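Below is one structure, written out as structure tokens; the observations come after it.
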Amino acid sequence: MTPQPPATDAAVSTAGVELHYGATPVLKGIDISLVRGKTLALLGPSGCGKTTLLRLIAGLLAPTRGSVSIAGQVVADAATGAFAPPEKRNLGMVFQDYALWPHLTVGGNVSFPLEMRRLGKAERQSRTMRALERVGLAAYADRRPSDLSGGQQQRVAIARAIVAEPQLILFDEPLSNLDRELRENMVGELAELIATLGLTAIYVTHDHSEALTLADDVAVMRGGLIEQLASPDELIERPATPEVADFLRLGGIADLEHRDGLWVFKGSDVALLRGSGHVGATARVLIPVASITPGEISPGRLAATVLRSQFRGDGHLATVSLVGPADIELQVLSHTKLRPGEGIGLSIDPKRIRWFGTQVHSSKEESLEHA
Ligand SMILES: Nc1ncnc2c1ncn2[C@@H]1O[C@H](COP(=O)(O)OP(=O)(O)O)[C@@H](O)[C@H]1O
Ligand SMILES: [Mg+2]
């Protein structure tokens, strides 16, 4: 008996979705579920399968295994061969390259999905103007896309995606062609637009700050799999794996080993903290930015050398290298500017260290400074 896709009232869901290109598995079993009115980000490095998953949901690809449902309807199921084409899925799409038609005016571009739906001219005009107003471009309806800036062109693409009031909007790295300042502004604008219009959206990005800003839930992807699907708060507080923590730039990852009542950095004599553990036990930990207080070099503090530092708006975020253990880089937030090559001391709050895998720490843990 073939397993039936679960009945669901989710706006979108996938069950056991796999996709192979020839013999190469690109998606290896994807289960997501998104509630109406929420935004899900697919976050991960280039090549991890984000666009492929979006194309499966859009109906531009069919799954090798598993099923996709939209608004409770199965739109693709590899087991039965059921497949609804994109135009039957009631979605809007926004891509990285805007994909505007250069020979049409801005208004013509935005009204195109309505023409496909054979709406009358008056209805098309009023809906087009409403969509352009929503993205702040009502005055540009008669211009050509080429007269507009990159940011404005992307707003036109967003207006086109929302004009037919689809049940779901798919964004594929929509801001990655914009320069940094514009991108940062547009992330906020887009989040606001999604919230005011009550859109259900899937948003693909490789940029962790975009994902954490925009989305209610974030699926962190790696190598065709979802490593963790959780809210931004949960991801930051409890990253499931070192890879997730690293990708979200939550701090430094270090391997420790237990020796003489101390957790020392693997292959060194430098101790991170006191604590219980089996002799020879090893652990992988995240040392979050928020766990570290920089100061003068002193006994009981970890010695580090500043590699580079960047002003971040609320302080200087420095990348430092520990003196002693090989290849341990940590991020430190400092009120004062730290210069490359400068030596500093680090106090680390052991309670904020995140232990992966087996829970090896205990309440006896103490920082070296206060021990
Ligand atoms: N049409 C295709 N044929 C073969 N391999 C493909 C095709 N499209 C994408 N891939 C491969 O699938 C993997 C995932 O691609 P993609 O979904 O575009 O990743 P992302 O959007 O996360 O960067 C990559 O290794 C890519 O090379
Ligand atoms: Mg992509």
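At a glance:
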{"quantity": "Mean-position separation - Cα centroids, region 155-211 and region 268-334, in angstrom", "calculated": "36"}
{"quantity": "Choice from LEU40, LEU119, LEU256 showing the highest fluctuation, given a GNM over the chain with Cα pairs closer than 10 Å", "calculated": "LEU119"}
{"quantity": "Rh by Kirkwood over Cα pairs, then Stokes-Einstein D for region 32-85 at 1.306 mPa s and 10 °C, µm²/s", "calculated": "131"}
{"quantity": "Antiparallel %, DSSP beta bridges [both residues in the chain], to 5", "calculated": "80"}
{"quantity": "Candidate aspartates and glutamates for bridging to LYS266, where Cα separation is under 17 Å - those fewer than 8 sequence places away on the same chain excluded", "calculated": "ASP255, GLU257, ASP327, GLU329"}
{"quantity": "Candidate lysines for bridging to LYS88, where Cα separation is under 23 Å - those fewer than 8 sequence places away on the same chain excluded", "calculated": "LYS38, LYS50, LYS121"}
{"quantity": "Over the chain, relative contact order from alpha-carbon pairs under 8 Å, at least 6 apart, %", "calculated": "14"}
{"quantity": "Percent breakdown of C-alpha pair distances by 5 Å bin, ordered from the shortest bin, for region 1-157", "calculated": "2, 8, 15, 17, 15, 14, 13, 10, 5, 2, 0, 0"}
{"quantity": "Region 222-299: GluC sites (Glu not before Pro) falling in loop per DSSP and having at most 11 other Cβ within 10 Å", "calculated": "GLU296"}
{"quantity": "Neighbourhood net charge (14 Å Cβ-Cβ; Lys/Arg +1, Asp/Glu -1) for ALA82", "calculated": "+2"}
{"quantity": "On Cα atoms only, tilt of 180-197 relative to the major axis of the chain in degrees", "calculated": "60"}
{"quantity": "Choice from GLY280, GLY188, GLY37 showing the highest fluctuation, given a GNM over the chain with Cα pairs closer than 10 Å", "calculated": "GLY280"}
{"quantity": "Per residue, the convex hull volume that the Cα atoms of region 250-367 enclose (Å³)", "calculated": "93"}
{"quantity": "Accessible surface, per residue, of the chain when the full set of protein chains is kept, probe 1.4 Å, Å²", "calculated": "49"}
{"quantity": "Cα-based Rg and Dmax for the chain, where Dmax is the largest Cα-Cα distance (Å)", "calculated": "24.9, 80"}
{"quantity": "Low-density loop positions, trypsin sites (Lys or Arg not before Pro), region 98-131 - DSSP coil, at most 13 other Cβ in 10 Å", "calculated": "ARG117, ARG118"}
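The values are calculated or read from the model by the stated rules, or taken from the named source; none is laboratory data. All values reported here derive from a predicted model rather than from experimental measurement. Note: ideal-geometry Cβ built from the backbone for every residue, glycine included; neighbour counts use all protein chains shown. The area values use the complete protein model at the heavy-atom level, side chains included, leaving out ligands, DNA and RNA. Shrake-Rupley method; radii C 1.70, N 1.55, O 1.52, S 1.80 Å.
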